[in-house]
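Participant: Here you go, one structure.
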Amino acid sequence: TPRAKCEKENALGQKAKIYTKKAIENAQKNNQKITFTEIKWDKYGGRIVAKVLIGNNDLAQDLIKNGLGRVYYGEKKKSWCD
């Protein structure tokens, strides 16, 4: 079951998933290094959080620049449905 609260959020989530998958596939094709740093548990202890670099590019920053992510500091998440 999708965790999205609305169709817009679901669509953006799918786009982010595809973007990430393509970025990793392209890195593999081009023999780019994929690096995981700052590895830790999330605030609930159920997921691993890491900074992901593909070559010299920060994947999170690329997602944010493309409107597929937001900066998050642990506060209540803003809705994508508004």
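Participant: Could you tell me which of the pairs K33/K76; K40/K76; K5/K33; K29/K76 are separated by over 30 angstrom between their Cα atoms in the structure shown?
Facilitator: From the list (K33/K76; K40/K76; K5/K33; K29/K76), the Cα-Cα distance tops 30 Å for K33/K76; K5/K33; K29/K76.
Participant: Where in the chain are there chymotrypsin sites (Phe, Trp or Tyr not before Pro) that are in a DSSP coil and have at most 13 other Cβ atoms within 10 angstrom of their Cβ?
Facilitator: Sparse-neighbourhood loop chymotrypsin sites (Phe, Trp or Tyr not before Pro): Y44, Y72, Y73.
Participant: Given a 1.4 angstrom probe, I'd like the percentage of the accessible area of the chain that is carbon and sulfur, rounded to a whole number.
Facilitator: Carbon-and-sulfur percentage of accessible area, whole number: 53.
Participant: Related question: Using R₀ = 22 Å, calculate the FRET efficiency as 1/(1 + (r/R₀)^6) where r is the Cβ-Cβ separation of W41 and K76; round to 0.05.
Facilitator: Efficiency for this residue pair is about 0.65.
Participant: Per residue, how much accessible surface does the chain expose to a 1.4 Å probe? Answer in Å², no decimals.
Facilitator: Here the residues of the chain average 84 Å² of exposed surface.
Participant: Using a simple spin-label model with points 7 Å from Cα along the Cα→Cβ vector, what separation in nm is obtained for L12 and E25?
Facilitator: Reported label-point gap for L12 and E25 is 2.4 nm.
The values are calculated or read from the model by the stated rules, or taken from the named source; none is laboratory data. None of the values given here were measured: they were computed from a predicted structure. In this analysis, Cβ positions are derived from the backbone assuming ideal geometry, glycine residues included, and neighbour counts consider all displayed protein chains. In case anyone asks, the SASA skips ligands and DNA or RNA and just uses the protein heavy atoms, side chains included. Shrake-Rupley method; radii C 1.70, N 1.55, O 1.52, S 1.80 Å.
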